[in-house]
Amino acid sequence: MHGGIRSRLCGCGKDSGPEVESAPLGWDEIEQLALGEMAMTWEEFMNLTPRVFTNKAKGFQKRLEQGLQISWEQTRWLAAITINPHLKKQLKPKDLATFPWEKSKKVAPKEKPTFTQILNEAKSRGIIK
């Protein structure tokens with residue numbers, strides 16, 4: 001979701017792909033977000049600290065993103081079961097489309113420390129002499 005609540009609150013684009021600078025929300029936009037999009041009451045909104053409001057807004061954004069992802073995955077699954085009776089070779093839903101949130105980020109495997117490294121670490125921490 002581009003231009004999500006997270007990026008609008010902090011003024012950065014970290015949740016929407018490449019980092020893009022954008023202006024943080026002004027008071028009117030924060031009220032619109034809280035009272036409109038998040039359907040909070042005025043009393044609930046005014047009783048929140050800025051930190052709690054930001055966390056609530058981030059959680060709200062995450063819930064919206066998860067709902068959108070589920071919807072797209074259901075659509076892909078429905079397309080696969082609709083088309084499969086007409087194909088000789090059956091397709092899996094992921095054969096039709098792979099979504100950005102499903103692409104795995106390759107992380108280099110962490111090197112295991114050697115016995116000597118563990119021993120030196122323990123000595124430096126004073127665990128052994």
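Values quoted throughout were computed directly from the atomic coordinates according to the rules given, and no laboratory measurement underlies them. Just so we're clear, the structure is a prediction, and the values are computed from it rather than from any experiment. Cβ: placed from backbone, ideal geometry, glycine included. Neighbour counts: every protein chain shown.
Annotations
- Peptides 68-77, 114-123 ranked from most to least packed give 68-77, 114-123, packing being the mean of other C-beta atoms within 10 angstrom over each peptide's residues.
- Computed E for A108/H86 - FRET, C-beta separation, R0 41 angstrom, nearest 0.05: 0.45
- Modelled spin-label separation between E37 and K62, with each label point placed 7 Å from Cα along the Cα-to-Cβ direction: 1.7 nm.
- Placing +1 on each Lys and Arg Cβ and -1 on each Asp and Glu Cβ, with no other charges, gives segment 68-129 a dipole about its Cα centre of roughly 260 debye.
- Computed on segment 19-129, with alpha-carbon pairs under 8 angstrom and 6+ residues apart, the relative contact order is 12 percent.
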